[in-house]
Each structure stands twice: as structure tokens, then as C-alpha cells.
1. Looking at the structure I just gave you, is B:GLU49 buried (at least 17 other Cβ atoms within 10 Å of the Cβ) and facing chain A (nearest Cβ under 10 Å)?
2. Condition first: crowded, with 21+ Cβ neighbours inside 10 Å and more than 10 Å from chain A (Cβ to nearest Cβ). Now tell me which residues in the stretch B:52-82 satisfy that.
3. For the stretch A:164-177, does any single residue satisfy the condition of being under 20 Å from B:GLU52 (Cα atoms), at pLDDT 90 or above and buried (at least 16 other Cβ atoms within 10 Å of the Cβ)?
4. What's the total number of residues in the stretch A:115-158 that are closer than 26 Å to A:PRO227 by Cβ and touching a residue at least 60 places away in the same chain (Cβ under 8 Å)?
5. Is it fair to say A:GLY83 is small (Gly, Ala, Ser), farther than 27 Å from B:CYS37 by Cα and surrounded by 22 or more Cβ atoms within 10 Å (Cβ to Cβ)?
6. So if I check each of B:ILE8, B:ILE30, which one is within 13 Å of the chain's Cα centre (by Cα), within 12 Å of chain A (Cβ to nearest Cβ) and of a type in the set (A, V, I, L, M, F, W, C)?
7. Mind listing whichever residues of the stretch B:33-46 are charged (D, E, K, R) and either touching a Phe, Trp or Tyr at 6+ places or on another chain (Cβ under 9 Å) or within 12 Å of another protein chain (Cβ to nearest Cβ) (or both)?
8. Consider the stretch A:133-176. How many of its residues are away from chain B (no Cβ under 14 Å) and among the aromatic types (Phe, Trp, Tyr)?
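The values are calculated or read from the model by the stated rules, or taken from the named source; none is laboratory data. Because the structure is predicted, anything quoted here is derived from the model rather than measured. In this analysis, Cβ positions are derived from the backbone assuming ideal geometry, glycine residues included, and neighbour counts consider all displayed protein chains.
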Amino acid sequence: MENEKVKDYVKKRYAEIANGSQNCCSSSCCSSSKDISENIGYSRKELDDIPNEAVLGLGCGNPVALAGLKQGNIVLDLGSGAGIDVFLASKRVGVSGKVIGVDMTEAMINKATTLAKDRGLINVEFRLGEIEALPIEDNSVDVVISNCVINLCPNKKKAFIEIFRVLKGGGRLVISDLVTNGKLPKEVKQSFEAWAGCIAGALEKDIYLKIIEEVGFSKIKIIKEIPYTFDVSKQLQGKILSISVEAHKMVA
Amino acid sequence: MKKRLMDILACPIDKHHPLDLYVFKENEEIEEGLIVCSKCLRWYPIRDEIPEMLPDELRKESEDMPFLKKWKDHFPQNIVFEGKPFRLK
């Protein structure tokens, strides 16, 4: 499948999600997004503390909780969506730090920017951009986080090369993502639906970790691993894993 | 966007930093403006306070040309006629 076609499809699909949920927050859909989010590792208190509209239930972990962020950290969230992880991280880094969200879907960035403004958050910023070509200076970020997004990138190696480039020496990535336990059936790999549902683009776990190592990271560790069962067909039960990975860029 | 965020902003194509900022419309934040990479001459719009830092293949001429035309008197001349990925012919 061509990379640009995948990106277009993913963009369109996520724009629909961003726009759709703006109209549905009085119904039960937000509470179900919260339920999904609780299942994948957010606490109810965390979720109640941030704007409802930022919680779309699209993640597969809670990287902020695992990232050990400190006051003053510069944090980059890749595929920031409506901003859930940016808002959570902004509390931890305080006003001396900042959190930058990058997403390639205009509707998501618009939504997140509006929510940040409504809340008067001064330490967050969103920009339209792409993970495989980040608009971020070399060696400028303390921690890169991402939640269930790298699997959507057609070229994961390029994505990890970019992550390595923007991190400071001594910086680290803490990423939650879907990987597979063994190979997926061919028909699943070729379905656009499965792409945007985070599944078709998921790599086998060992390959995923190997790419992280190849681009230069050290001390690579899976800090959490659980089977991902939400919205997964019978055929795929047990084959999809949600992992949270930590890896370090050594000081040059 | 906030001016201080220019700190770590780089061109997504050649990773050049710092980039040049031109402010067209401003309240508390920059509402409309232009970000220019002086190295490769790519330009990136700031619209509705959002810096649009997409690589060429994800940009739409149909959206970016009207922006260029609207602000061309405020664009640096070399970007109007030699800028990438879109310019006046």
C-alpha cells in the first residue's frame, strides 16, 4: 500500500473523529471514551482533571504516567490528537517547562488549540506537522511521548530517526503503541480500515524494538505490556499487544 | 502561536533552525503570519494561530496559494517569487 494513500486515509478518518465528537459530548459518547481510557491505563482522577473533549479514547496506554516527567522538562507529543496527553504532561512540567503537540490532522490541532486556550494553559503549543518530518530543532527535547500513533506511520524507521534527532543527549522516549505477537493475515494488512484502527500498520514486537535500537537508542525497555482486546476481531484476539516502551539517547 | 515557541521550531525538510518569523495579525498570540526557512526558501503559513509545518507532499496548493496572494505585500519578495513549495509565477 502506498505511503501517501495511507496518510491520506488516516488523516481523513481522524478528522472525522475530531469533528464528530464535537457534537456528541452531551450524549454518552464521552463517558464511553472515558471508560475506554480508564481501561488502557488512565485514572479517573486524571481524566476528570482535563477537558472532556480532549479524551477521545484513541490511545492504548498512558505514557505520561510512565514517563517520570519533571518540572521544567520540554516534552514533545507525537500525534497529539485532541490533546489528552499534552494536557496531562503540562501539569507535570509546570510553567518552567513546555509541551508541544504535533499532529498532521488539522481538525485535531484546531480542537486541541481551542481547548488549551479555554483552559488558559501557557505551557502548551500545538503545531501541524508530520512525524516522519518533524518541524523541531535537533537536540532540543527532554522527553518524546506518543500514544498509539507510531503504528499509523507508514515508515516507522523514519519516525524513530526523527525522534532520535530531536531528543537531547540524555533524553528519552516513552511511547505506548500497538505491536503484534507474530505475523498478521495478509487481508488485514491490506485493509485501510485496519490501518486507521491502529492494527494493519502494527509491526511485530521484535521488529519494532529492533528499529528503535537501529536508529541509535540505548537501554530499551518494555515497561508495560498487555493484550489489546478493544475493537479487535476474534481472528486477531491475542495477536495484538499494547506495549509501553522506554529508550534513551545517550549523551554524545 | 506564541513567539517563544520559535525557540525549537525547525524546517521539517532540511531541519534548519532558527526560522524567520513574520507577523501579519496579532492579538495575545500570533493569529496569522509566516515562517520562512532561509536555507531552502520554504515558507509555512500560520493560520488561526496554528503554525502549519507540513512537508511538501501533505500541503495543498488550493489552500496555500490564496494565503500567499492575500499576504503577498507582507511576504519577503524572494519568497513570493522563489519560495517553495508554492510561488507566484
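1. Yes; evaluated as a whole, the condition is true for this residue.
2. Matches in the stretch B:52-82: B:PHE75, B:ILE79.
3. Looking through the stretch A:164-177, at least one residue is under 20 Å from B:GLU52 (Cα atoms), at pLDDT 90 or above and buried (at least 16 other Cβ atoms within 10 Å of the Cβ).
4. So the answer is 9.
5. So A:GLY83 passes the test.
6. B:ILE30
7. Passing the criteria: only B:ARG42.
8. Selection size over the stretch A:133-176: 1.
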